[in-house]
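Written out below as structure tokens is the structure these notes cover.
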Amino acid sequence: MSAEAATGTVTRAEYCVIACAEAWRDNGEVLASPMGLVPALGARLAKRTFSPDLLLTDGEALIVGLDGTPEGWLPYRQHLTMVTGGKRHVMMGASQIDRFGNQNISCVGDWERPVRQLLGVRGAPVNTLNNPVSYWVPRHARRVFVERVDMVCGVGYDRAAAAGPSATRFHRVPRVVSDLGVFDFATPDRSMRLASLHPGVTVDQVREATGFALTIEDDVPFTREPTAGELRLVREVIDPTGTRDREVRS
């Protein structure tokens, strides 16, 4: 552990918060739309540190400051303008995700007779074709990281490429963060690559928990250490009650 982070043992949940925060590094003035507890903590950490121009919302219709104070009005029509104009970076969940980043949050099983009904497609197609979309998976497992999703909601790299320039112009999936590591699509065929392991996790663990063959380089780095300042913010300011540890097991 770096000297900067030597304020106590860093938990798996805290590495996940750091990994999610990094999704918004150098994004500039865009609307951060985290869906889920750990992504929300990550977005707030990013704004407090290396991405101060991020715009945060109350989840409804207000732009809010770091302390939750309203700073602006964001009606639905304006929100859609930001989405279709690429001025938003959302981090969604994924009930299923495949090697090319196709995401499913709609149903499990055949669409006509699903085994389980989930959220529905929601805004996933529009999100993925118009602005950057990253994903957060709190329980990395073969039932989530699948060879082929049962239904495409968020569009992956292969399907975007097949649809042509109109689909690829603004399509980008910067990263997938799970409780085991960080993944991206920095490969020639835009298939998923293991970008970093959270400390304490092995490559074999990731392989065993993934339902398809990942691109894994010879020397996979560990997810970066938080600084002492970042740890203080997470533990004392952003999440003093430790709700992060309920979502990610150490």
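If DNA, RNA and ligands are ignored and the probe is 1.4 Å, what is the ranking of S166, S95 by accessible area, most exposed first?
Numbers: S166 105, S95 45 Å².
Solvent-accessible surface, decreasing: S166, S95.
Nothing charged except the Cβ atoms of Lys and Arg (+1) and of Asp and Glu (-1): what's the magnitude of the dipole of the chain about its Cα centre? Round to the nearest 20 debye.
Computed charge dipole of the chain: roughly 560 debye.
So how much accessible area does E112 have, in Å² to the nearest 10, using a 1.4 Å probe?
The value for E112 is about 150 Å².
Place +1 on the Cβ of every Lys and Arg and -1 on the Cβ of every Asp and Glu in the chain, take the dipole about the Cα centre, and give the residue among H198, V133, G123 whose Cα lies farthest towards its positive end.
Going by the charge dipole, the pick is G123.
For Y15, what accessible area in Å² do you get when you roll a 1.4 Å probe over the heavy atoms of the protein chains, rounding to the nearest 10?
Answer for Y15: close to 10 Å² accessible.
For the modelled label position 7 Å from the Cα of A161 along Cα-to-Cβ, which residues of the range 64-104 have backbone nitrogen atoms closer than 19 Å?
97-103
Leaving ligands, DNA and RNA out of it, work out the accessible area of K87 with a 1.4 Å probe and give it in Å² to the nearest 10.
For K87, solvent-accessible area is about 90 Å².
Can you put L45, L80 in order of accessible area, largest first, using a 1.4 Å probe?
Largest accessible area first, the residues go L80, L45.
Along the three principal axes, how long is the chain when you take its alpha carbons, biggest first, rounded to the nearest angstrom?
Over the chain, Cα extents along the principal axes are 50, 47, 34 Å.
Give me the one-decimal Kirkwood hydrodynamic radius in Å for the range 9-94, with the sum taken over alpha-carbon pairs.
One over the average 1/r among Cα pairs gives 13.1 Å for the range 9-94.
The values are calculated or read from the model by the stated rules, or taken from the named source; none is laboratory data. Model, not experiment: these values are computed from the prediction. Methodologically, a virtual Cβ is constructed for each residue, glycine included, from the backbone with ideal geometry; neighbour enumeration extends over all protein chains shown. These area figures cover heavy atoms from the full protein model, side chains too; ligands, DNA and RNA do not enter into them. Shrake-Rupley method; radii C 1.70, N 1.55, O 1.52, S 1.80 Å.
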